[in-house]
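J.: Right, I'll just put the structure down here and ask away after.
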Amino acid sequence: MEEFELSEQCRLGNNRASTELYAHYGGRLLGVCLRSTGNRDPAQDLLPEGFIKILGSFDEFTWRGEGTLRAWRER
């Protein structure tokens with residue numbers, strides 16, 4: 001799925017899109033959590049919470065072109 005379609009499907013609550021989002025970006029999200037905590041164990045604990053927060057915030061997301069989803073998600 002392309003970024004725009006993926007974001008729209010996540011906004012609609014599509015579980016397949018949520019799974020794809022996690023598969024594509026889970027590693028990068030773990031990296032963001034690692035930068036915040038400095039330790040792998042707490043980072044792994046934060047990852048699911050962060051992902052849930054992202055999924056619940058898609059109404060705030062505005063598509064501005066390729067790379068927008070990645071930048072918004074990591075912010």
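J.: Identify, from the list GLY38, GLY67, the residue that is in contact (Cβ under 8 Å) with a residue 40 or more places away in the chain and either in contact with a Pro (Cβ under 7 Å, 6 or more places away or on another chain) or surrounded by fewer than 10 Cβ atoms within 10 Å (Cβ to Cβ) (or both).
T.: Being in contact (Cβ under 8 Å) with a residue 40 or more places away in the chain and either in contact with a Pro (Cβ under 7 Å, 6 or more places away or on another chain) or surrounded by fewer than 10 Cβ atoms within 10 Å (Cβ to Cβ) (or both) holds for just one of GLY38, GLY67, which is GLY67.
J.: Six or more apart or on different chains, Cβ atoms under 7 Å: show the pairs whose first residue is in region 10-27 and basic (Lys, Arg) and whose second is open to solvent by 50 Å² or more (accessible area, probe 1.4 Å) and assigned to a helix (DSSP H, G or I).
T.: Short answer, once both residue conditions are applied: ARG11/ASP59.
J.: Could you check how many residues of region 48-62 are surrounded by 13 or more Cβ atoms within 10 Å (Cβ to Cβ) and assigned to a loop (DSSP other than H, G, I, E, B)?
T.: 2
J.: If you don't mind, another one. Can we say ARG11 is open to solvent by 60 Å² or more (accessible area, probe 1.4 Å) and over 18 Å from TRP72 (Cβ atoms)?
T.: No; evaluated as a whole, the condition is false for this residue.
J.: State all residues of region 7-47 that are among the aliphatic types (A, V, I, L, M) and in a helix (DSSP H, G or I); if no residue qualifies, say none.
T.: Answer for region 7-47, where residues must be among the aliphatic types (A, V, I, L, M) and in a helix (DSSP H, G or I): ALA17, LEU21, ALA23, LEU29, LEU30, VAL32, LEU34, ALA43, LEU46, LEU47.
The values are calculated or read from the model by the stated rules, or taken from the named source; none is laboratory data. This one's a predicted model, so the numbers in the text were calculated from it and none came from an experiment. Glycine also receives a Cβ, built like all others from the backbone with ideal geometry; neighbour counts cover every protein chain displayed. When the accessible area is computed, the model is the full protein with side chains, heavy atoms only, and any ligands, DNA or RNA have been set aside. Shrake-Rupley method; radii C 1.70, N 1.55, O 1.52, S 1.80 Å.
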